[in-house]
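The values are calculated or read from the model by the stated rules, or taken from the named source; none is laboratory data. Not measured: the values here are computed from a predicted model. For neighbour counting, all protein chains shown are included, and Cβ atoms are generated from backbone atoms with ideal geometry for every residue, glycine included.
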Amino acid sequence: MSRTVIISKTAEKKLEKLFKFLVENWSMKVKSDFVKKLDKNINLIKTNPESFPQSEKKVGLHKCVITKQTTLFYRHNSKKITIVTIFDTRQNPNKLKKEI
């Protein structure tokens with residue numbers, strides 16, 4: 001069963017910032033490769049949201065590693081997937097608590 005994907009304002013802002021960083025510091029190809037990985041994982045989440053582990057940070061929150069520097073956190077029910085945030089794993093892990 002495929003679900004509707006909703007991106008929170010926080011996740012949207014994080015993605016915009018990440019895309020800008022990738023283009024300015026790396027290249028459009030790096031951004032494009034990241035977007036392909038992101039899309040692939042979101043499609044996996046849509047069809048089988050339980051395939052990724054639950055986060056220890058909060059009950060009902062799942063985490064999906066996109067790259068070793070980027071993790072996507074989401075919640076789901078029978079109708080929708082809500083992308084809560086995109087987290088840069090190089091930052092202080094305590095910052096994640098504010099976002100979820």
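Taking the stated definitions as given, is residue 25 within 22 Å of residue 76 (Cα to Cα) and of a type in the set (S, T, N, Q)? Taking the combined requirement at face value, the residue does not satisfy it. Evaluate the following for residue 89: is it polar (S, T, N, Q), surrounded by 12 or more Cβ atoms within 10 Å (Cβ to Cβ) and more than 18 Å from residue 4 (Cα to Cα)? For residue 89, the condition - polar (S, T, N, Q), surrounded by 12 or more Cβ atoms within 10 Å (Cβ to Cβ) and more than 18 Å from residue 4 (Cα to Cα) - is met.
Looking at segment 58-76, which of the residues that are touching a residue at least 24 places away in the same chain (Cβ under 8 Å) and outside any strand (DSSP E or B) is farthest from residue 46 (Cα to Cα)? Outline the logic, then answer.
Our first condition is that a residue be touching a residue at least 24 places away in the same chain (Cβ under 8 Å); within segment 58-76, this holds for 58, 61, 66-67, 70, 72-74, 76.
Filter once more, keeping what is outside any strand (DSSP E or B): 58, 61.
Numbers: 58: 20, 61: 15 Å.
If we take residues in segment 58-76 being touching a residue at least 24 places away in the same chain (Cβ under 8 Å) and outside any strand (DSSP E or B), then 58 is farthest from residue 46 (Cα to Cα).
What do you reckon, is residue 83 part of a helix (DSSP H, G or I), at pLDDT 95 or above and hydrophobic (A, V, I, L, M, F, W, C)? Here the answer is no, as residue 83 does not meet what is asked.
Do we have residue 96 as modelled with pLDDT of 95 or more and either touching a strand residue (DSSP E or B) at 6+ places or on another chain (Cβ under 6 Å) or of a type in the set (Lys, Arg) (or both) here? The answer is no for residue 96. Taking the criterion of being of a type in the set (A, V, I, L, M) and either surrounded by 14 or more Cβ atoms within 10 Å (Cβ to Cβ) or modelled with pLDDT of 95 or more (or both), the residues of segment 59-80 that qualify are 61, 65, 66, 72.
Within the bounds of segment 5-14, is there any residue that is in a loop (DSSP other than H, G, I, E, B) and modelled with pLDDT under 95? Reasoning before the result, please.
Initial filter on segment 5-14 (in a loop (DSSP other than H, G, I, E, B)): 8.
Keeping just the survivors that are modelled with pLDDT under 95 gives none.
Within segment 5-14 (the criterion being in a loop (DSSP other than H, G, I, E, B) and modelled with pLDDT under 95), the answer is no, since none of the residues qualifies.
Of these, 55, 8, 27, which one is surrounded by 10 or more Cβ atoms within 10 Å (Cβ to Cβ) and either without any contact (Cβ under 8 Å) to a residue 12 or more places away in the chain or among the aliphatic types (A, V, I, L, M) (or both)?
Working: 55 fails: either without any contact (Cβ under 8 Å) to a residue 12 or more places away in the chain or among the aliphatic types (A, V, I, L, M) (or both); 8 fails: either without any contact (Cβ under 8 Å) to a residue 12 or more places away in the chain or among the aliphatic types (A, V, I, L, M) (or both).
The match here is 27.
The set of residues from segment 27-82 being more than 15 Å from residue 2 (Cβ to Cβ), within 10 Å of the chain's Cα centre (by Cα) and hydrophobic (A, V, I, L, M, F, W, C) comprises 38, 64, 65, 66, 72, 73.
Against the test of being in contact (Cβ under 8 Å) with a residue 60 or more places away in the chain, in a helix (DSSP H, G or I) and either surrounded by 15 or more Cβ atoms within 10 Å (Cβ to Cβ) or touching a helix residue (DSSP H, G or I) at 6+ places or on another chain (Cβ under 9 Å) (or both), the options 18, 38 yield a single qualifying residue, 18.
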